[in-house]
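The values are calculated or read from the model by the stated rules, or taken from the named source; none is laboratory data. The shown structure was predicted, so the numbers you read here are calculated from the model rather than taken from an experiment. A quick note on method: Cβ atoms are made from the backbone with ideal geometry, for glycine too, and the neighbour counts reach across all protein chains shown.
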Amino acid sequence: MRRNRQLVAALLLLWASGAWAEALSMGVRGYLVQQEVFSLFAEPGEEIRLELASYDTDKLQLQLDGQAYGVAGEGYWVLTAPERAGLYQLQLEHGETHARSQVNLFIGHSVPAGEEELNGYRTGPPPPGHNKYPDFYPQPQLYFEVTADNVDTRLSEHFTLRQFLCKQESDYPKYVILKESLLVLLEGLVQAVQQAGYPVDTFGVISGYRTPYYNKRIGNVPNSRHVYGDAMDLFVDMDEDGKMDDLNGDGQNNRADVDLLYKIVESFKQQPGNRLLVGAWGVIIRRHTTVDLYIWMPGAFAPAGNRIKL
């Protein structure tokens with residue numbers, strides 16, 4: 001009996017401290033997000049609006065690196081991004097329910113016109129874009145700095161900054177292009193795979209962001225979605241052996257497993273609200289040992305081959 005009382009007391013203490021508080025639900029650049037940790041990618045001085053229609057904003061507290069920040073409106077919160085590039089931490093908490101979320105705010109660097117490196121990190125020339133579809137291929141404007149200190153920062157519940165880095169060899173600092181929409185997509189896919197019966201914590205990553213320099217070096221097309229920061233080649237790797245897992249339980253790691261993953265993604269895409277989130281995807285078999293799925297955001301036109309235009 002005494003042990004039960006101690007357990008109840010411990011649970012109450014956790015609740016009171018906010019350790020079990022749910023994440024806040026907020027609108028971020030048009031996407032609904034409800035996660036304990038999420039990330040925003042912004043330019044210096046940018047005005048950022050967080051939609052919080054589900055809450056009385058008078059009862060919300062927003063802090064930037066421990067200091068009160070931003071201005072509350074009816075159903076939203078507006079803040080101005082710092083002028084200095086770097087990583088900042090926003091803490092948003094409801095004063096009564098203790099619902100809370102941490103938002104990692106990345107402020108980007110720009111590469112001066114004509115330059116092909118940033119602080120010693122080789123980026124290469126900007127991607128060519130597309131004359132017919134310029135809105136689908138906008139020139140990247142911001143590069144977000146990755147250091148030895150922040151490389152393992154959680155960008156969202158199931159993904160870290162390290163997973164999106166370009167594979168090119170270099171010292172720190174490194175730089176990456178990222179978009180909130182890709183995080184929303186990937187988190188949705190994690191949930192879909194979990195609901196299908198596979199308890200993934202994240203995905204194995206073959207390729208995330210690529211600098212135009214590295215993208216050219218490996219022989220990829222200049223307008224690869226990877227150079228725009230909205231693509232990922234991924235696979236299920238719960239045992240962390242660097243290979244696609246045996247999802248169908250036939251004792252082999254092969255195309256049948258990635259086809260199963262493919263069907264999960266297809267089902268995810270058909271759900272209301274997801275059609276505009278998913279762009280295109282396809283299957284890659286690498287060296288007959290690793291099978292992975294590549295996926296990118298809307299706005300891209302799939303080239304010939306086994307990629308699918310949606």
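Condition check ((1) under 19 Å from the mean Cα position of the chain (by Cα); (2) modelled with pLDDT under 90; (3) surrounded by fewer than 20 Cβ atoms within 10 Å (Cβ to Cβ); (4) part of a loop (DSSP other than H, G, I, E, B)) across all residues:
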{"residue": "Leu189", "(1), (2), (3), (4)": "yes, no, no, no"}
{"residue": "Gln194", "(1), (2), (3), (4)": "yes, no, yes, no"}
{"residue": "Val205", "(1), (2), (3), (4)": "yes, no, yes, no"}
{"residue": "Arg210", "(1), (2), (3), (4)": "yes, no, no, yes"}
{"residue": "Tyr214", "(1), (2), (3), (4)": "no, no, no, no"}
{"residue": "Gly219", "(1), (2), (3), (4)": "no, no, yes, yes"}
{"residue": "Val227", "(1), (2), (3), (4)": "yes, no, no, no"}
{"residue": "Leu234", "(1), (2), (3), (4)": "yes, yes, no, no"}
{"residue": "Asp239", "(1), (2), (3), (4)": "no, no, yes, yes"}
Scan segment 173-184 and give yes if some residue there is surrounded by 17 or more Cβ atoms within 10 Å (Cβ to Cβ), of a type in the set (Phe, Trp, Tyr) and either part of a helix (DSSP H, G or I) or free of Cβ contacts under 8 Å to residues at least 60 places away in the same chain (or both), otherwise no.
no
Return only the number of the condition from (1) surrounded by fewer than 18 Cβ atoms within 10 Å (Cβ to Cβ); (2) under 24 Å from the mean Cα position of the chain (by Cα); (3) among the small types (Gly, Ala, Ser) that Gly95 does not satisfy.
(2)
Out of (1) part of a loop (DSSP other than H, G, I, E, B); (2) of a type in the set (Gly, Ala, Ser); (3) surrounded by 19 or more Cβ atoms within 10 Å (Cβ to Cβ), the odd one out for Ser101 is which?
(1)
Filter segment 65-87 down to residues that are over 22 Å from the mean Cα position of the chain (by Cα), assigned to a loop (DSSP other than H, G, I, E, B) and either surrounded by fewer than 13 Cβ atoms within 10 Å (Cβ to Cβ) or outside the structural domain of Ser54 (by TED's automatic domain parsing) (or both), then give me how many there are.
4
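One line per residue, one yes/no per condition, for (1) among the aliphatic types (A, V, I, L, M); (2) at pLDDT below 90:
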residue	(1), (2)
Arg3	no, yes
Ala19	yes, yes
Ala23	yes, yes
Tyr31	no, yes
Gln34	no, no
Glu43	no, no
Leu62	yes, no
Given the residues Tyr137, Tyr121, which is the only one that is more than 18 Å from the chain's Cα centre (by Cα) and modelled with pLDDT of 95 or more?
Tyr121
